[in-house]
Every structure is written in C-alpha cells, then in structure tokens.
Amino acid sequence: VERMLPVTFQEQRPKKKKRTPIALFIVVDRSNSMGYNSKVRGLHDGQKMKYAQKAALELLGQLQDTDYAGAIAFDSEPYLLAPLGPLSANRAVLIDRITRLQYGGGTDFYSALETASDQLAQTRGAIRHVLLLTDGDSNRSPADHYPLVASIAQRQISLTTIRIGSDTVNLQLLSYMSEKTGGRFYHVEDVEMLPQLMIKDTKQVMREKDDDEDKPKEIIPRVGERGMILQGLNDFPSLDEYMLTKPKTGSNVQLYTDVQKEQDPLLATWQYGLGKVVTV
C-alpha cells in the first residue's frame, strides 16, 4: 500500500525523558530566635537551627550534580554561604558552610532574597526556585517587600516560604510572597518535619515544571501547495496528533505542520497511474 501513497512512513521512537535541572537557592534564617527552645517534643535550645541545617543538607543530597544550588543565611544582614553554581563544583562547599552555621542577630530576609533572585535570574535552561526558611518577624514592613516579590515573579522564579514555630507572626506576608510567585507556603510547628517537607516541595516544583513541558504542542495545519481539494477552505481545526511521514518526490503537500520537523505532511496528493491518491 505504501508504494501507492505520496508519502513514506517514518519510524517514531518515544523520546527519552530527561529531567530539567533545577536551580535552587536555599535562604535560611540564622537569627537569635533560631536558637530558642522550639517547645516541641522536648527539643532543646538550638534545635531549630540544627533541623534547618539537617533539612538543607538532606535536600542537597537528593539533587544531582547537573543541578544548581546556592545558599545564603541571614539575620539583620545577608551572609552568602555559596553562590549559585553546579552541584558538581560546589556541593562540598555548601555542605561545609551550612554545617558550620551559628545563630545570632536580628531578622531581615529582604536583601537575602534579593541576592538569590539576582543570581537565579542569570540561569538559563533550569527551573528557578527559592526556599525561604524563617521563624521570626522581619525588621521591615510587609509593603516594603511587594516590589521585590513582583520582581521575583517577573523573573519566573518560584518562592516557597516556610514559617517555623507556633506563633503567627509574618504568616500573611509569607503566604502572599509564595502565592504571587507560584510557590507554596507552609506553617510548621514541628521542626522535625523540615527535612521531609523541603525535599517534598522541591520534588513537586520539578515535577510540575516537567509536566508543563511534556504537554503536547498544538498541531495547527498550514497550507502548502493549495490544490483543488482545498478550494474554498481557509480555516482548519487543530489536531491532537499525527503520523510522521516524509513526502515522496513528485507529491504535493497541501497541508503540513512544523511541530516536529519542517513541513511534516498532513495532507498530501499525487498522481498514481490513472488516478490520484490522497493521504490525510
């Protein structure tokens, strides 16, 4: 049958799925309050900081060398632990500096987020995400953060905020920041849940992005060599899928698409013997 057709069929193998790398910036609170007793299951002073460190380290352990990561700690000032870079190069530095974090000082995460956003904005071909972990009130008013949040969203960087502790300070601001940037907000009283939560959030970000990229592209028929069969027709419905073929010499490709290759035939005709053959 193929000998009569104006096209030849092409082998179609499913593409091997390759995960999009993530560019992750961990922004962690190291203020005085991170050393206070969490009042959860008898945890002692300093345990909030220890679990924040544990969560960050376990999260890094889940990422591949082809992913990117950076970290910044803050009290009333930001402290860059490691700039954003491939984990193949900076994994050891991140582990060392996160392990040696000490608590002390006030709370102001504005500049830390600004630094993370600036570095992530320079990254291409990766999912850009920030994890902000804090347990205290900011030294700034909520309105001071709105322009920065808008900038983060415009750069297509998602921001997940995690508020640890039983009080309700800053909940509205942190929730707003995540909502406007496409991230998630968590209020966590049990700090023992931090490692599992941060890993789950990062995996969800990667899964959602890859799902978006795997959505099939819209197949819109385009007119090639218009023949009698298309006379009076100008609008064509989009397609969900099509068979990949190659036009034979002497055929007329009247409708085509360029979703996979340039001018893949959708409707082709040619003369065969005393008759015409059409493939759709």
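The values are calculated or read from the model by the stated rules, or taken from the named source; none is laboratory data. Predicted, not measured: the structure shown is a model, and the values here were computed from it. FYI the Cβ positions are ideal-geometry reconstructions off the backbone, even for glycines, and counts take in every protein chain you see. Side chains are part of the model used for accessible areas, which takes the heavy atoms of the whole protein and leaves out ligands, DNA and RNA. Shrake-Rupley method; radii C 1.70, N 1.55, O 1.52, S 1.80 Å.
Here is how the numbers come out for the structure above:
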item: Those residues of the range 67-83 which are surrounded by fewer than 18 Cβ atoms within 10 Å (Cβ to Cβ) and either touching a residue at least 60 places away in the same chain (Cβ under 8 Å) or touching a strand residue (DSSP E or B) at 6+ places or on another chain (Cβ under 7 Å) (or both), in sequence order; result: Ser76, Tyr79, Leu80, Pro83
item: Subset of the range 101-118 that is open to solvent by less than 50 Å² (accessible area, probe 1.4 Å) and in a helix (DSSP H, G or I) - its residue that is nearest to Gly46 (Cα to Cα); result: Ala112
item: Subset of the range 251-264 [of a type outside the set (A, V, I, L, M, F, W, C) and open to solvent by less than 60 Å² (accessible area, probe 1.4 Å)]; result: Ser251, Asn252, Gln254, Tyr256, Thr257, Asp264
item: In the range 131-175, the residues that are open to solvent by less than 70 Å² (accessible area, probe 1.4 Å) and either touching a Pro at 6+ places or on another chain (Cβ under 8 Å) or without any contact (Cβ under 8 Å) to a residue 12 or more places away in the chain (or both); result: Ser141, Ala143, Asp167, Leu173
item: Number of the condition not met by Arg163 [criteria: (1) of a type in the set (Lys, Arg); (2) part of a loop (DSSP other than H, G, I, E, B); (3) closer than 19 Å to Leu197 by Cα]; result: (2)
